[in-house]
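J.: Structure below; questions to follow.
The values are calculated or read from the model by the stated rules, or taken from the named source; none is laboratory data. Bear in mind the structure is a predicted one, so any value in this text is a computation, not a measurement. Because the Cβ atoms are built from the backbone with ideal geometry, glycine has one as well, and the counts that use them run over all protein chains shown. Only protein heavy atoms, including side chains, enter the accessible area calculation; ligands, DNA and RNA are left aside. Shrake-Rupley method; radii C 1.70, N 1.55, O 1.52, S 1.80 Å.
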Amino acid sequence: MTAGESWAQGPGGGSVVRRILLGSQLRRLRESRGITREAAGYSIRASESKISRMELGRVSFKARDVEDLLTLYGVADETEREALLALVKEANVAGWWQRYGDVLPGWFQTYVGLEAAASLIRIYEVQFVHGLLQTESYAHAVVTRGTPDAPKDDVDRRVALRLERQKVLVSERAPHLHAVLDEAALRRPYGDRAVMQGQLKHLIEISEMPNVTLQVMPFSFGGHSGESGAFTLLRFPESDVSDIVYLEQLTSALYLDKREEVAQYERALHRLQEDSPDSAESRDVLRGLLQLT
């Protein structure tokens, strides 16, 4: 996956990762046989771009297409074929978030699936508190500000989706969340005074969870390695799936998995973690901000 869910928490939670796994295996088979994407597409009555999207895990799979590709790639062993075809079924399982499809952009559905399947979620946020850490009232204020013309029902469903995502942190196989929040995200008011106070109290409480590490990058530090803006790093329990950097834009998102690109973001996040107060000191920062609110 370049610019541009087994393990999951609930039905379909592993489908995105399964698509990536299946796509990467199909790509390796094709390349090992020296077959072009154009030739592979011709064999399943599809375009070269369709093969590219399949190999990147960006589309659902048809069993017939995968069967034809395996035949083209010379995969005759029934055990190997059955294992890959079983992945097709797993990759096409609907995720719980799809019932929010009316208010959930297609490009963000991919992220929700990846988030649900991750074993480690590392984030840097500067504009507002990250969605996994928001209270209901704060989330409502953020959604209302971001989509001022949205009907009330749409706003409520967007908030409900955000609260549903948060259940991953208390699930049986909860990931570790390591968040660095810029002080700007904590001082910028969303909602009234009571909303901000409730959000700060929530951050203090959630930072005590064993699978959550929360740090605050204070204004007093000055310039830092998060100069490019907010980003998320996702790691998965499956060894065949590379770490992914998620960069959200106004009307789309980038998903980066090239090793050298991911490494640059890992270095930036490591410096942010090194330069920010530790968890205990960051709770003190939060308590100080709460006193000022």
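J.: For n ≥ 4 DSSP H runs only, could you compute -39500 (n - 2.57) per run for the chain, divide by its residues and tell me the 222 nm figure to the nearest 500?
T.: That comes out to -15500 deg cm²/dmol.
J.: In addition: Excluding Gln197 itself, what net charge comes from residues whose Cβ is under 15 Å from its Cβ, given Lys and Arg +1 and Asp and Glu -1?
T.: Charge balance in the 15 Å sphere: +2.
J.: For the range 33-47, what does the Karplus curve 6.51 cos²θ - 1.76 cosθ + 1.60, with θ = phi - 60°, yield as ³J(HN,Hα) per residue in whole Hz, taken in order and with x for Gly and Pro?
T.: Rounded to whole hertz, the list is 9, x, 9, 6, 4, 4, 5, 5, x, 4, 5, 10, 6, 9, 8.
J.: Express as a percent, rounded to the nearest 5, the fraction of DSSP beta bridges in the chain (both residues included) that run antiparallel.
T.: 50
J.: Find the Rg to Rh ratio for the chain, where Rh is the Kirkwood radius over alpha-carbon pairs and Rg uses the same atoms.
T.: Rg/Rh: 1.02.
J.: Check the straight Cα-Cα distances from Lys89 and name the lysines below 20 Å, setting aside those fewer than 8 residues away within the same chain.
T.: Reachable lysines: Lys50, Lys62.
J.: Label-point separation (nm) for Lys62 and Ser220, each offset 7 Å from Cα along Cα-to-Cβ?
T.: Distance between label points: 6.3 nm.
J.: Moving on to the next point. Carbon-plus-sulfur fraction of the accessible area of the chain, 1.4 Å probe, in percent?
T.: 49
J.: Then there is this: Could I get the Rg over Rh figure for the range 166-293? Both from C-alpha atoms, Rh via Kirkwood, rounded to two places.
T.: Rg/Rh: 0.98.
J.: Counting only the heavy atoms of the protein chains, how much of Val88 is accessible to a 1.4 Å probe, in Å² to the nearest 10?
T.: Solvent-accessible area, nearest 10 Å²: 10 Å².
J.: Determine the gain in length on full extension of the stretch Ala184-Gln264; use 0.36 nm per residue of separation and subtract their C-alpha separation, reporting nm with one decimal.
T.: 26.5 nm
J.: Which whole-number value in Å² is the accessible area per residue of the chain, probe 1.4 Å?
T.: Here the residues of the chain average 48 Å² of exposed surface.
J.: Let me ask something else about it. Could you calculate the contour length gain from Glu205 to Asp192, that is, 0.36 nm times the residue separation minus the distance between their Cα atoms, to one decimal place in nm?
T.: 2.6 nm
J.: What translational diffusion coefficient, to the nearest whole µm²/s, does the range 16-150 have by Stokes-Einstein, given a Kirkwood radius computed over alpha-carbon pairs, a temperature of 10 °C and 1.306 mPa s viscosity?
T.: This corresponds to a translational diffusion coefficient of 92 µm²/s.
J.: Above 18 Å lies some portion of the pair distances; for the range 131-173, what is it as a whole percent of all C-alpha pairs?
T.: 26
J.: Antiparallel as a % of all DSSP beta bridges within the range 104-256, to the nearest 5?
T.: 50
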